[in-house]
Amino acid sequence: MGKDVIIACDFACTEETIRFLDKFNKIREGVVACDDISVRASRPYVKIGMELFYAEGPQIIRILKERGHKVFLDLKLHDIPNTVGKAMQVIGGYGVDMVNVHAAGSIQMMEAAKHGLMLGAIRFAEKPKLIAVTQLTSIDEETLKNELLIDKPLDEVVAQYALNAKKAGLDGVVCSAHEVVRIHELCGEDFITVTPGIRFEENAAGDQKRIMTPAAAKEVGSDYIVMGRPITASDKPVEVYRKSCEDFK
Ligand code: C5P
């Protein structure tokens with residue numbers, strides 16, 4: 001199982017992304033001390049979202065893979081099963097390590113996504129992981145009830161969507177670290193939980209509502225933590241990344 005820190009590279013273009021990632025050469029070159037061999041040897045696992053992908057296209061994936069990074073492509077697909085399946089086949093061909101869909105698209109859509117992704121990734125020995133977004137962290141109980149007309153409590157919806165993802169053969173879900181224990185109880189310890197909303201005590205929460213430290217996320221059993229601004233907006237991103245790895249792994 002992974003147990004890795006994924007850096008959310010929410011940058012506007014390739015140049016800015018590469019300038020940021022070049023700083024991590026310092027760990028490999030020994031300029032920043034790090035006892036963990038796996039951290040020293042590897043390039044950070046990165047998450048590419050819609051902004052960067054739509055600006056730069058698939059070449060951003062190729063560039064990052066050639067540089068030795070693992071890539072989580074966070075495009076959150078949601079459409080009819082046929083369209084998502086076909087799109088996933090294309091994404092599978094990029095050689096990404098992880099990609100996601102909205103669980104709200106239905107079990108049938110998630111099954112089509114998985115099928116398409118595996119077809120696309122047929123030439124890769126290591127198959128990409130497919131995970132589902134249960135509910136966006138920007139959706140609260142009020143929006144769920146008054147706009148989406150879903151009368152169940154948010155945590156029940158999250159639990160049901162996680163079960164749907166498992167039923168469709170997906171590898172896991174993106175969720176709040178606060179939901180990890182319940183999701184592992186429901187879907188099994190092997191079902192991957194990828195948790196954003198990670199902060200150190202000294203960080204500003206920003207727009208994240210339910211936050212947790214890397215050490216606490218490890219404690220509850222998160223499989224991957226996603227960290228953006230605490231690393232990307234720091235004066236010392238390499239040191240913050242190294243500390244996150246040490247606390248989490
Ligand atoms: O900067 P920050 O650490 O808040 O970044 C978190 C990343 O995780 C962002 O790229 C955000 O889009 C993503 N994310 C999230 N909540 C979700 C799903 C994805 O914060 N439910």
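The values are calculated or read from the model by the stated rules, or taken from the named source; none is laboratory data. Keep in mind the model is a prediction, meaning the values are calculated, not measured. Reconstructed Cβ throughout: ideal geometry from the backbone, glycine too, with neighbour counts over all protein chains shown. All accessible areas refer to the heavy atoms of the entire protein, side chains included, with ligands and DNA or RNA removed. Shrake-Rupley method; radii C 1.70, N 1.55, O 1.52, S 1.80 Å.
Name, by its number, the condition in (1) within 13 Å of the ligand (Cβ to nearest atom); (2) buried (at least 16 other Cβ atoms within 10 Å of the Cβ); (3) within 18 Å of Cys9 (Cα to Cα) that does not hold for Val238.
So the condition that Val238 fails would be (1).
What's the number of the only condition in (1) open to solvent by 80 Å² or more (accessible area, probe 1.4 Å); (2) of a type outside the set (Gly, Ala, Ser); (3) within 20 Å of the chain's Cα centre (by Cα) that Lys152 fails to meet?
So Lys152 meets the others, but not (3).
Which residues, taken from the range 177-190, are within 15 Å of the ligand (Cβ to nearest atom) and open to solvent by 10 Å² or more (accessible area, probe 1.4 Å)? Can you show your working first?
At the first step, the residues of the range 177-190 found to be within 15 Å of the ligand (Cβ to nearest atom) are 177-180, 183.
If the condition is that a residue be within 15 Å of the ligand (Cβ to nearest atom) and open to solvent by 10 Å² or more (accessible area, probe 1.4 Å), then His178, Glu179 are the ones that fit.
Can you tell me which of (1) within 8 Å of the ligand (Cβ to nearest atom); (2) open to solvent by less than 40 Å² (accessible area, probe 1.4 Å) is the one Arg229 doesn't meet?
(2)
Can you spot a residue in the range 162-175 that is under 23 Å from Val46 (Cβ atoms), within 14 Å of the ligand (Cβ to nearest atom) and open to solvent by 10 Å² or more (accessible area, probe 1.4 Å)?
The answer is yes; a qualifying residue exists.
Just checking, how many residues over the range 48-77 are open to solvent by 30 Å² or more (accessible area, probe 1.4 Å) and among the hydrophobic types (A, V, I, L, M, F, W, C)? Break it down into steps so the answer makes sense when it comes.
Filtering the range 48-77 down to residues open to solvent by 30 Å² or more (accessible area, probe 1.4 Å) leaves 50-51, 54-56, 58-59, 62-63, 65-68, 70, 76.
The next check asks that each one be among the hydrophobic types (A, V, I, L, M, F, W, C); those that pass are 50, 55, 63.
Here the count works out to 3.
Could you tell me how many of the residues in the range 191-226 are open to solvent by 30 Å² or more (accessible area, probe 1.4 Å), within 12 Å of the ligand (Cβ to nearest atom) and of a type in the set (D, E, K, R)?
Of the residues in that region, 3 qualify.
So which residues in the range 119-149 are open to solvent by 40 Å² or more (accessible area, probe 1.4 Å) and within 14 Å of the ligand (Cβ to nearest atom), if there are any at all? Spell out the reasoning first.
Filtering the range 119-149 down to residues open to solvent by 40 Å² or more (accessible area, probe 1.4 Å) leaves 119, 122-127, 129, 136-138, 140-142, 145-149.
Within the range 119-149, Leu136, Thr137, Ser138, Asp140 meet the criteria.
Among the residues of the range 145-168, is any within 27 Å of Arg242 (Cα to Cα), at pLDDT 95 or above and of a type in the set (S, T, N, Q)? Full working, then the answer.
Taking the range 145-168 as the starting set, the residues that turn out to be within 27 Å of Arg242 (Cα to Cα) are none.
For the range 145-168, residues within 27 Å of Arg242 (Cα to Cα), at pLDDT 95 or above and of a type in the set (S, T, N, Q): absent.
What residue, of Gly105, Gly93, is closer than 21 Å to Thr193 by Cβ and more than 16 Å from the chain's Cα centre (by Cα)? Before the answer, list the steps.
Working: Gly93 fails: closer than 21 Å to Thr193 by Cβ.
Exactly one of Gly105, Gly93 is closer than 21 Å to Thr193 by Cβ and more than 16 Å from the chain's Cα centre (by Cα), namely Gly105.
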